[in-house]
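Chemist: This structure is in structure tokens; I'll ask about it shortly.
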Amino acid sequence: MKLSRKIAVVVAVAMAGTAAAILPMTTSNAAVACAPAWSASAVYVKDNVASQNGHNYTAKWWTQNESPATNSSQWAVWIDNGVCGGTTPPTTTPPTTPPTTGPTTPPATGTKMAAAPYIYPGWGNPPAPATVVNATGIKAFTMAFVLASNGCNPAWDGSSGLTGGAHASTIAAIRAAGAEVVPSIGGWSGNKLGPNCSTPEALAGAYQKVIDTFQLKAIDIDIENTDEFENYVVADRIVDALRIIKQNNPGVKTILTFGTTTTGPNAHGVRLIQQAKAKNANIDIFTQMPFDFSGHADMYAATVGATEGLKNVLKSTFGYTDAQAYARIGISGMNGLSDQQELTSVETWTRIRDYAKNNNLARFAFWAVNRDRGCAGGGVVSDCSGIAQADWAFTKVSAGF
């Protein structure tokens, strides 16, 4: 990871998502009795059946609050199976093989998480978590970084193990202050688990150790640089490992974090998303890091452009609607000055926050709380933002996500 924040893939915790009921799967058959009535608040997955206005409908993919009666055209989410009620035979025969081109199933609890800016113990004069929580109302932090030690063993910064050090004590302090934590695994630099764990199963085992040690609800996989993001053997290993994690821990959110262009993922990012689909990894959130654009002058426009580009890739890959795609997207920016002297002011970050909130994005973060202090003219450093600002201003804005 770079000094300021090239952090990339996160597997995350849904702190703000509200659990929605999933109806038990019912397969369509020749009976004309009406299925349970469709409910706008219920979640339906592929092959679920519901009735509305005297018709039975079969879901092609995950859906919520999409009325079957008005969403049953050829390309819509519902198949109209015909009238029901026991007196009139169905007018439409349901297909024997439901379409498989629609979205994969989002987790039952949704994807929306509390904003979770990065905090890095042992770097940049890390603040006391209680000080930040009490001043801003923030409810979660993303903690950097889990790396590899002695092969395929997870350790904070690659050297201090998982317990007994500054990271573990900071996690305890965060929870004591009433907030949660999402460990970030990987980053821009260092000896990472992806290349060191030789199989997806071994890598999943390393992830699982982190999950079990801290009883996590989410993990952030920050996939960057040529050793992971641009190494397709390793990138595929990460995706396969996350599939295993999701199978074994369906309640744990997985987040992939990676770099971007101003118009969305580059070729490596597009491939990563396509592999997540092909391998049925069921990634909860794809988070981009919209900064380091070679000195872009308008960071709001650049961030929106990157996010809209990611939305379009998710739509074309998974068959999502706009709303479904936004619900799988995260933004992880950089407060103040970036590595390349791009300026994100508190006002600009507020506009970005409002864009993310209004479009119901799933995740919102920045690098880093350690830098969320004013130092006008200070440059790109580890303990302040390089601009004039009130202490914890970016964290306070983020808490409003």
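Values quoted throughout were computed directly from the atomic coordinates according to the rules given, and no laboratory measurement underlies them. Quantities reported herein were computed from a predicted structural model and do not represent experimental measurements. Counting neighbours? That spans all protein chains shown, and the Cβs are built from the backbone with ideal geometry, glycine included.
Chemist: Taking the Cα centroid of the stretch 323-383 and of the stretch 114-163, what is the distance between the two, rounded to the nearest whole Å?
Modeler: Computed from Cα coordinates, the inter-centre distance equals 18 Å.
Chemist: While we're here: How much FRET efficiency would the formula 1/(1 + (r/R0)^6) give for residue 390 and residue 53, where r is the Cβ-Cβ distance and R0 is 41 Å, rounded to 0.05?
Modeler: It comes to 0.15.
Chemist: Once Rh is set to the Kirkwood radius over Cα pairs, what Stokes-Einstein translational diffusion coefficient, in µm²/s, holds for the stretch 110-160 at a temperature of 25 °C and a viscosity of 0.890 mPa s?
Modeler: This corresponds to a translational diffusion coefficient of 193 µm²/s.
Chemist: Another one. Can you list the aspartates and glutamates whose alpha carbon is less than 12 Å from that of residue 192, not counting same-chain residues fewer than 8 positions off?
Modeler: 157, 222, 224, 227, 228
Chemist: Give the total of Lys-Lys pairs in the stretch 241-343 with Cα-Cα distances below 16 Å; include a pair only if its members are 8 or more places apart or on different chains.
Modeler: Lysine pair count for the stretch 241-343: 4.
Chemist: So, one more: Cβ neighbours within 10 Å, averaged per peptide: list 315-326, 333-344 in order, most packed at the top.
Modeler: Those peptides, ordered most packed to least, come out 333-344, 315-326.
Chemist: Follow-up question, since we're still on this one. Along the stretch 385-401, what does the Karplus equation 6.51 cos²θ - 1.76 cosθ + 1.60 (θ = phi - 60°) give for ³J(HN,Hα), rounded to whole Hz, x for Gly and Pro?
Modeler: Karplus values, whole Hz, x for Gly and Pro: 8, x, 10, 6, 6, 6, 4, 6, 5, 5, 5, 5, 4, 4, 4, x, 5.
Chemist: Run the simple label-point estimate for residue 125 and residue 41 please: 7 Å along Cα→C-beta, distance reported in nm.
Modeler: My value for the distance between the label points is 4.9 nm.
Chemist: Now, a different point. Can you tell me what percent of all Cα-Cα pairs in the stretch 164-207 are more than 11 Å apart?
Modeler: 72
Chemist: Which three numbers, in whole Å and largest first, are the semi-axes of the equivalent ellipsoid of the stretch 200-267 derived from its Cα gyration tensor as √(5λ)?
Modeler: 23, 14, 10
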